[in-house]
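Participant: Here's a structure for you.
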Amino acid sequence: VGRTAAGRALSEGAVASAVVAGVRHVDTPYDQLLMSGVPRYEARRRIARTVEAVLREWEAGVEIRLTG
């Protein structure tokens, strides 16, 4: 993506939001919560710690690979 003009035009915030959304939908029960009638704000509150934990794990893995 970063090699194309469109890829270079993406802001850091847009990329971060996309990553968080991906984690939310793939690594948490967020979609199941929504389908069971939990309001969006409440579903996001419930899964926030899991999203943060996944991102921390990924960040730690990158740091280990960069330094190791």
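Bear in mind these aren't lab numbers, they're just calculated from the coordinates by the rules spelled out. Only a predicted model underlies this, so the values are computations on that prediction, with no experimental measurement involved. Virtual Cβ from ideal backbone geometry, glycine too; neighbours counted across all protein chains shown.
Participant: Subtract the Cα-Cα distance of Ala60 and Arg40 from 0.36 nm times their separation in residues, and report this length gain in nm to one decimal.
Facilitator: Values: separation 20, 0.36 × 20 = 7.20 nm, distance 2.91 nm.
Residue separation times 0.36 nm, minus the Cα-Cα distance, leaves 4.3 nm.
Participant: Output the peptides 17-30, 48-61 sorted from most to least packed, where packing is the average of other Cβ atoms within 10 Å over each peptide's residues.
Facilitator: 17-30, 48-61
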